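The values are calculated or read from the model by the stated rules, or taken from the named source; none is laboratory data. Note that the coordinates shown come from a computational prediction; the quantities given were computed from them, not determined experimentally. Backbone-built Cβ (ideal geometry, glycine too); neighbour counts: all protein chains shown.
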């Protein structure tokens, strides 16, 4: 899903003091062979439930996440297509750092996807809390996921901290494949409900996605790494138009001005990733991975 992401990270039961309004709603009936047992998060397009196979019995662990499209969107072709796209991409691309889809109910409502339950938190809650070494390690893991997509002809098209889950051990998983696209797909970002994503979007995706490719994901990962190391995204316009203009024309403040502990080599890589012209960025995720690995080795003792 896009925009405001689902947050499958709470271990609390529904109805507890301080819970969000949707956490006290009743659970739905079984979704195909899957039994929801806990409402774990809600996004703009749907809800995520922790679930178990219905036939497994009430004592079986709930080791699955079921993403269910909101009822009000079941007649929305775009919303349904987002789930279909996510299932299709996950069925074609497999990587330890990319979310997998184990099953899906897409023939008719209720529409849902079934994924492994990811223990951990989304990266947006870790902004400013990671060491340099941990931030580089996380970025390299995401680059591994992008490489797997790239090898099969896909780009993610929505890389941002909220779409990266990190386990307590530091394992990163890139989630939300609904906006993944192939290089030859046409369309403009204004045709997509990407509110909340513009802070990380590459300049070439703002007016037309015809020029977008995996290097656009590299830009978005650069914006994510920038925020991890400085506590703020590279651009913070007062409105959507200003933010888009900054991505297209402005140079972000040097990360070393906000964090003096960032080595020159790391600052140079981030500047390359955030280059306006895609030809000036790392050209493939593999090239980016090689550079990140060298930086990881240099900072390993700090992890």
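Things worth noting here:
- Selection status of residue 278, farther than 13 Å from residue 139 by Cβ and in contact with a helix residue (DSSP H, G or I) (Cβ under 6 Å, 6 or more places away or on another chain): yes
- Among all residues of region 265-274, there is none that is under 19 Å from residue 163 (Cβ atoms), at pLDDT below 90 and touching a helix residue (DSSP H, G or I) at 6+ places or on another chain (Cβ under 7 Å).
- Test: residue 107 is more than 23 Å from residue 155 (Cα to Cα), under 23 Å from the mean Cα position of the chain (by Cα) and not assigned by TED's automatic domain parsing to the domain that holds residue 173: no
- Among residues that are without any contact (Cβ under 8 Å) to a residue 24 or more places away in the chain, surrounded by fewer than 21 Cβ atoms within 10 Å (Cβ to Cβ), assigned to a helix (DSSP H, G or I) and touching a helix residue (DSSP H, G or I) at 6+ places or on another chain (Cβ under 9 Å), residue 256 is included.
- All of (1) under 14 Å from the mean Cα position of the chain (by Cα); (2) crowded, with 21+ Cβ neighbours inside 10 Å hold for residue 136 with one exception: (1).
- Residue check, residue 222 at positive phi and in contact (Cβ under 8 Å) with a residue 12 or more places away in the chain: no
- Search result, residues across region 25-44 that are farther than 14 Å from residue 105 by Cβ and in contact (Cβ under 8 Å) with a residue 60 or more places away in the chain: 44
- Screening residue 122 on (1) modelled with pLDDT under 95; (2) surrounded by fewer than 17 Cβ atoms within 10 Å (Cβ to Cβ) shows it passes everything except condition (2).
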